[in-house]
């Protein structure tokens, strides 16, 4: 047996915190760490395996021979095995060979805290460290402003494996290549943040990263850990935040993963009613075990600390909160009060959010939570779960259902869109059109739109215009921003060739300008989570399928007047009640020619008249294009001209030239 030198990175205080579930920097202790002991270079290893009889490190430095390097168990009943192995070093591959007290069962496991993993299908861990020199100091100092709840927050969701592939070479783009191409594209499109589907190491491509085996290792599919840091760094240098998908809800049963780690249910709940997902064939963390809570919270802190992430989008929160999630009667056990809520998971999520915001008050945690569970984005001191935002899944379902209907039927479904405003301010909502909405036969977002080619693209532009002016923050999945025609295929690149066609170029131009409008106009973000930031003008005109509303900032001069026409019949001289007298200028029109619109229904400067309408003393008459949205802003207030609007604003002063309802002939064909 080769020598394993007794050595420890744990203090008594560390052990007490670990046992209490309050150690949130375990990555500094567990795993493999290159170090020098008594002048000898090597690697310190530490792993938690309380049911083990023996734990050996096997690797390329000992020809993978079991027993060559046996770790020592700590005396304090912590279940930690540790030791220093001379000769191992950066780049060494290894696993833990664990012999259990449970009938001498043997498992061979990757390191739960490894910083790097082998490229799949290989499954070993790799000893790693890096001395990456960050260059995002400017962003880190000011990111509190960029991540604030009253800041514009427009998110581009990306799956790194399929955003853009090197087709001619038959490979993924690397982190380094994305640091150039992806960053430049997101900046040009004016998004404020990128959200990456899970980058933590995972074994199975069709899981899209949501079946994690290496919680502390960025996937080796795209390069080295320091190259992923470069991608983050470049985003920050271009004033773009980065959100990481994080999966504390479940993990796969792969032999090298966390399941049955030391021959016992260590990370997973031992009761399959609480510890197994039938839908996903995966294991559920034991949120009531202190050491598991420390593992998960340390992992959340790790990505914020070591990789400068600006936020975590927490996956499948609903599956964590409810004991009966996707279970039939008799397949779940009520909590101690007889309810269906998972009290241990609720406690864990609160602790996680408290730990994150305590250490990083300038980031956001975002819950993907699909039920009406209350106070998800309320502070823990109020009894909430403590998230910064929550996905507005009800809005997403209702809106896509509405837009899929032929316009002639929409007047019977006005409530599908107005309903969201009855609960819009109960949480800090993010409006998501995510990857989940463009797979498994749901069709692309464009593919859901009814009508001929021109109408489908007009519908899509109207959907996005409505989305960006609805209260809340926004998220669009890759490809949606240029009207991807087909469903998302994780194995293939996006259909970038579509941008040679005018309809797709028009959608892309629209999203770029909507992002500009969202960032430039205080009314669209300052009070995006407050009822003070929204007021209906009229939601009852179902006969015309027209919605009109006001978005508000801190001052009257910030007000935006929004009108959406959900039919292909243009509304000319449409009368709107106004909050006060003055002159209004069109600041956005989804029907402009550069968006592949008709360009025929623009509005000149409008002066209010003392003609009461919509229970208001002042009114104007406007043109609303077919399947279009227009936005207006007061140009004058007490004789003072308001600030100039974004470059995307239409500067025309011509009135509508046509009263025809004839369909507009498209300029080109999309594929």
| Stretch gain in nm, segment residue 63-residue 38, where the contour uses 0.36 nm per residue and the Cα spacing is subtracted | 6.5 nm
| note | The helix 137-146 Cα axis meets the longest alpha-carbon principal axis of the chain at an angle in degrees, between 0 and 90 and rounded to 10, of 50
| request: Beta carbons within 10 angstrom, averaged per residue: use that to sort the peptides 101-107, 39-45, highest first. | output: 39-45, 101-107
| request: If a/c stays under 1.5 just call it rounded; otherwise compare a/b with b/c (prolate if a/b is bigger, oblate if not). Do that for the range 275-422, with a ≥ b ≥ c from the square roots of the Cα gyration tensor eigenvalues. | output: oblate
| query | Which whole-angstrom value gives the distance between the alpha carbon centres of the range 439-516 and the range 564-628? | reply | 24
| Considering only the chain, percent of DSSP beta bridges that pair antiparallel, nearest 5 | 75
| Quick one: length gained pulling residue 237 to residue 605 fully straight, 0.36 nm per residue minus the C-alpha distance? | 128.5 nm
| said: Using helices alone, I'd like the mean residue ellipticity at 222 nm for the chain: each DSSP H run of four-plus residues gives -39500 (n - 2.57), total over residue count, nearest 500. | reply: -6500 deg cm²/dmol
| query | Between residue 346 and residue 181, what FRET efficiency comes out of the Förster formula 1/(1 + (r/R0)^6) with R0 = 56 Å and r the beta carbon distance, rounded to 0.05? | reply | 0.85
| note | Averaged over all viewing directions, the convex hull of the alpha carbons in the range 153-391 casts a projected area in nm² of 13.8
| request: Classify the range 12-126 as rounded, prolate or oblate, taking a ≥ b ≥ c as the square roots of the eigenvalues of its Cα gyration tensor: rounded when a/c is under 1.5, otherwise prolate if a/b is larger than b/c and oblate if not. | output: rounded
| message | What do you get for the angle between helix 393-403 and the principal long axis of the chain? Use alpha-carbon atoms, 0 to 90 degrees, nearest ten. | response | 40
| So, by mean Cβ neighbours within 10 angstrom, what's the order for 167-177, 360-370 with the highest one leading? | 360-370, 167-177
| Using alpha-carbon coordinates, inclination of helix 175-188 to the longest axis of the chain, degrees | 20
| note | Yeah, the chain with a ≥ b ≥ c from its alpha-carbon gyration tensor (a/c under 1.5 is rounded, else prolate when a/b outruns b/c, oblate otherwise) is prolate
| message | Order these by the 10 Å Cβ neighbour count, fewest first: 346, 392. | response | 346, 392
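Bear in mind these aren't lab numbers, they're just calculated from the coordinates by the rules spelled out. Every value quoted in this text rests on a predicted model; they were computed, and no experiment measured them. Note that we place each Cβ from the backbone using ideal geometry, even for glycine, and neighbour counts take in every protein chain shown.
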